[in-house]
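What follows is one structure encoded as structure tokens, with my remarks underneath.
The values are calculated or read from the model by the stated rules, or taken from the named source; none is laboratory data. Every value quoted in this text rests on a predicted model; they were computed, and no experiment measured them. Here the Cβ positions follow ideal geometry from the backbone for every residue, glycine too, while neighbour counts run over all protein chains shown.
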Amino acid sequence: MALLPILEFPDPRLRTVAKPVANVDDDIRKLVDDMFETMYEAPGIGLAASQVNVHKQVIVIDVSEERNEPLVFINPKIEVLDANLFDYEEGCLSIPGFYESVSRPEHVRVTALNRDGTEFTIEPEGLLAVCIQHEMDHLQGKLFVDYISNMKRQRIRKKLEKQHKAKA
Ligand code: GNR
Ligand code: NI
């Protein structure tokens, strides 16, 4: 297993649209395992392959308290079951240190392939629904800061650019 470096906003590679996985093979399972290690170490509740510069439709999530309920979503498809919006203070491993409220549909249905390449469907609400939508946005090159004002987004971008320059 390996820890993977996480791209940070405003890195343009985070805007890449991910491609579907043609075959859930051992290379994909290795990516999934490395993504879990990276997510648990961060720590985060989810990670999209886009964040580790792999532009394939692969997501890992664990929203459990005990950190022992790993979920894998490959080639996920989403439908809104309840368009009522749910507000949640979102963070992102690619936008470290910043949190903003985002409104998203509160009840969705997601169909995806698991680590074995088998199709499954879940109908999450609450935090899991928020997290899946946040991760599916990453696969489309979208970030939670795209939902907030241009002024707030620019302020976050400038602060992160300054940190990146200080580190380089
Ligand atoms: O760790 C994470 N926490 C989080 C909190 C609220 C809404 C979404 C998330 S996902 C985030 C990890 C991450 O950046 N996934 O892409
Ligand atoms: Ni994120």
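Tabulated results
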| read-out | value |
| --- | --- |
| Restricting the range 133-154 to residues that are touching an Asp or Glu at 6+ places or on another chain (Cβ under 9 Å) and of a type in the set (A, V, I, L, M), the residue that is surrounded by the fewest Cβ atoms within 10 Å (Cβ to Cβ) | Ile148 |
| Subset of the range 23-58 (residues that are among the β-branched types (Val, Ile, Thr) and either touching a Ser or Thr at 6+ places or on another chain (Cβ under 6 Å) or away from ligand 1 (no atom under 13 Å from the Cβ) (or both)) | Val24, Ile28, Val32, Val54 |
| Failed criterion for Ala168 (all others in (1) modelled with pLDDT of 95 or more; (2) exposed (fewer than 14 other Cβ atoms within 10 Å of the Cβ) hold) | (1) |
| Test: Arg157 is part of a helix (DSSP H, G or I), surrounded by 13 or more Cβ atoms within 10 Å (Cβ to Cβ), more than 16 Å from ligand 1 (Cβ to nearest atom) and not small (Gly, Ala, Ser) | yes |
| Any chance Leu128 is in contact (Cβ under 8 Å) with a residue 24 or more places away in the chain and part of a strand (DSSP E or B) | no |
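Matching residues to (1) loosely packed, with under 13 Cβ neighbours inside 10 Å; (2) among the aromatic types (Phe, Trp, Tyr); (3) under 18 Å from Ile28 (Cβ atoms):
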{"residue": "Glu69", "(1), (2), (3)": "yes, no, no"}
{"residue": "Glu79", "(1), (2), (3)": "yes, no, no"}
{"residue": "Asn84", "(1), (2), (3)": "yes, no, no"}
{"residue": "Asp87", "(1), (2), (3)": "yes, no, no"}
{"residue": "Pro105", "(1), (2), (3)": "no, no, no"}
{"residue": "Ala112", "(1), (2), (3)": "no, no, yes"}
{"residue": "Pro124", "(1), (2), (3)": "no, no, no"}
{"residue": "Cys131", "(1), (2), (3)": "no, no, no"}
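Here is a yes/no grid of residues against (1) among the acidic types (Asp, Glu); (2) at negative phi; (3) touching a residue at least 40 places away in the same chain (Cβ under 8 Å); (4) within 14 Å of ligand 1 (Cβ to nearest atom):
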| position | (1), (2), (3), (4) |
| --- | --- |
| Thr16 | no, yes, yes, no |
| Val21 | no, yes, yes, no |
| Ile61 | no, yes, yes, yes |
| Glu66 | yes, yes, no, no |
| Tyr88 | no, yes, yes, yes |
| Cys92 | no, yes, yes, yes |
| Ser101 | no, yes, no, yes |
| Arg104 | no, yes, no, yes |
| Arg115 | no, yes, yes, no |
